[in-house]
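Undergrad: Dumping the structure here so I can ask a few things about it.
The values are calculated or read from the model by the stated rules, or taken from the named source; none is laboratory data. Only a predicted model underlies this, so the values are computations on that prediction, with no experimental measurement involved. Here Cβ is always computed from backbone atoms with ideal geometry, including for glycine, and neighbour counts include all displayed protein chains. Surface areas here come from the heavy atoms of the whole protein model, side chains and all, with no ligands, DNA or RNA. Shrake-Rupley method; radii C 1.70, N 1.55, O 1.52, S 1.80 Å.
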Amino acid sequence: ELRKHTLPEGFHALQYDQSTAADYTGSNLKPVEQNLEAALYIIFTSGSTGEPKGVMIAERSVLHRIFWQWETLGFQEGDVVFQKTPMVFDVSVWEIFMTLSFGGTLLVAKDEVRSDPEQIVEHLDRYQVAAMEISTAFLNVFAQTASTFSSDKFSSLKLITTGGEAVLPEMVDRFYEV
């Protein structure tokens, strides 16, 4: 039931009176009522039409996604999630909010790391990353590079999610060989 996915007891939604965080004094924050149907954010996409448009994403949808992902995919408190998706993409929402909401550690990739498979592998090992999202197009490139490293570099990695396009079975097979 989605209704259970409201803010936990003792947590409060806050709203700034002023437009920038630099103006924060502590006295300019007021509790606000949670409205699960209200837009939490707007993402711009061309979707299948090719025409850019803004799509409002309701708070209920985000809560549903992060609770579903946490419960279904077996995340645990303390897991390190590698946030390598640029924040303009919807995937970054679960990477950030799910991880921080449930006591995980968010490892934010620098721009130069995001598309460099060798640096990604080094980060997986160095920071004991448990999960990350990569695009389907990047999965093949990543699998090729990963195959050149010792398997102990991936000892903490429990989950890689991918999306955006269909994943070919041979791509999955190649990744599992690693």
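Undergrad: Give the residue list of trypsin sites (Lys or Arg not before Pro) in segment 104-158 that are DSSP loop and have at most 11 other beta-carbon atoms within 10 angstrom. Write out the running numbers ahead of the final one.
TA: Numbers: sites: Lys110, Arg114, Arg126, Lys153, Lys158; in loops: Lys110, Lys158.
Within segment 104-158, the qualifying trypsin sites (Lys or Arg not before Pro) (loop, at most 11 other Cβ atoms within 10 Å) are Lys110.
Undergrad: Further question on the same structure: Residue farthest toward the positive end of the dipole of segment 31-104, with Cβ of Lys/Arg at +1 and Asp/Glu at -1: which of Gln34, Gly78, Val91?
TA: Result: Val91, furthest along the dipole toward the positive end.
Undergrad: Moving to a separate point now. Taking amide H positions as placed in the peptide plane 1.01 Å from N, state which residues far from Val80 in sequence (5 or more) or on other chains have amide H under 5 Å from it.
TA: HN-HN under 5 Å from Val80: Thr105, Ala130, Ala131.
Undergrad: Which of the GluC sites (Glu not before Pro) found in segment 73-144 are in a DSSP loop and have at most 13 neighbouring Cβ atoms, other than their own, within 10 Å?
TA: Numbers: sites: Glu77, Glu95, Glu112, Glu118, Glu122, Glu133; in loops: Glu77.
Loop-located and lightly packed - Glu77.
Undergrad: How far apart, in nm, are two points set 7 Å out from the Cα along the Cα-to-Cβ line at Asn35 and at Glu71?
TA: 2.6 nm
Undergrad: Would you kindly find the accessible area of Asp90, with a 1.4 Å probe and non-protein molecules such as ligands, DNA and RNA excluded, rounding to the nearest 10 Å²?
TA: Accessible area, nearest 10 Å²: 90 Å².
Undergrad: A further question on this structure: If each of Thr49 and Glu165 carries a label point 7 Å out from its Cα toward its Cβ, how far apart are those two points in nm?
TA: Simple spin-label model gives 2.4 nm for this pair.
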